[in-house]
Number of protein chains: 2
Amino acid sequence: MTTVPVLDPELAARLKRTPDGLVCAVVQQYDTREVLMVAWMSDEALARTLTTREATYWSRSRQELWIKGATSGHTQAVHEVRLDCDGDTLLVLVDQQGAACHTGDRTCFDADVLLGADVAR
Amino acid sequence: MTTVPVLDPELAARLKRTPDGLVCAVVQQYDTREVLMVAWMSDEALARTLTTREATYWSRSRQELWIKGATSGHTQAVHEVRLDCDGDTLLVLVDQQGAACHTGDRTCFDADVLLGADVAR
């Protein structure tokens, strides 16, 4: 791709970003409704996600754009993107190929249960 | 309540907090799997949530503990709490009474669709 997607200015004006210019993205499997992971998007990551329908984030650890699955093959085809009432969080509904988590788990929330359902009121 | 719940030290050591000492909490309806909202928890908010099973957050705007529904009646009975692979995000499964969103919508993601499902690949 030789052109950089630019976010619609009307949408850009509605985003409330962290001091480092990011919005939180909750990523959910579109059919099973599993919450897969949480990541962060810059304006460019969001513009690319909306334009290409390939989920694209900003890697805070690597400080670079990150097309999910570009290395692992575990891509996310984007079905739907919603913005929350505060303008600071996105809900991204995707079709996840393989594992969402870098550990190989299906979701990033599979491994560590702090409070179980079995004693729920 | 006269005693302040304290977070288990082993758990506290595993959390990766923002510079202001918070972890992100994704809140999901336990049965329908709707993502209701995203909020933030301090150590005390998490300890209270785990102890009381009443979802409790840290309000960044008011800079105070916030028992969800204490004012509105729209409480969240906590069924399950999970920590993600990075230790910086919680998934909180709840039974939401009424609207999760302060606008009166069921979820904070109901109103603003940036990219629709109807043209999904």
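Per the Kirkwood formula applied to alpha carbons, the protein assembly as shown shows a radius of gyration over Rh ratio, Rg over Rh, of 0.95. Peptide B:104-116 shows a mean partner chain C-beta count of 6 within 10 Å per residue C-beta.
Could you look at segment B:56-121 and say what percent of its accessible area is carbon and sulfur, using a 1.4 Å probe and all protein chains? Heavy-atom surface of segment B:56-121 belonging to carbon and sulfur, 1.4 Å probe: 47 percent.
Specify the angular offset, from 0 to 90 degrees and rounded to the nearest 10, of the alpha carbon long axis of helix A:43-52 from the longest principal axis of the alpha carbons in chain A. Once rounded, one gets 80 degrees. A Cβ-based charge dipole, computed about the Cα centre of segment B:53-102 with Lys and Arg at +1 and Asp and Glu at -1, lands at about 220 debye.
Residues in segment B:4-13 carry Karplus couplings, in order, of 8, x, 10, 6, 3, x, 5, 5, 4, 6 Hz; the curve used is 6.51 cos²θ - 1.76 cosθ + 1.60 with θ = phi - 60°, and Gly or Pro positions show x.
Which of the peptides B:89-97, B:25-33 is most tightly packed, and how do the rest follow, judged by the mean count of other Cβ atoms within 10 Å per residue?
Descending mean neighbour count gives B:89-97, B:25-33.
Dipole magnitude for segment A:9-96: about 140 debye, using +1 per Lys or Arg Cβ and -1 per Asp or Glu Cβ, origin at the Cα centre. The string of couplings for segment B:30-42 from the Karplus curve (6.51, -1.76, 1.60, θ = phi - 60°) is 5, 9, 7, 6, 5, 7, 8, 5, 10, 9, 10, 10, 7 Hz, one whole number per residue in order, with x for Gly and Pro.
Considered as an equivalent ellipsoid built on the Cα gyration tensor, segment A:1-115 has semi-axes of 23, 16, 14 Å, the largest given first.
The values are calculated or read from the model by the stated rules, or taken from the named source; none is laboratory data. It should be emphasised that the depicted structure is a prediction, and the values quoted were computed from it without experimental measurement. For neighbour counting, all protein chains shown are included, and Cβ atoms are generated from backbone atoms with ideal geometry for every residue, glycine included. Just so you know, the surface numbers come from the protein's heavy atoms only, side chains and all, with ligands and any DNA or RNA stripped out. Shrake-Rupley method; radii C 1.70, N 1.55, O 1.52, S 1.80 Å.
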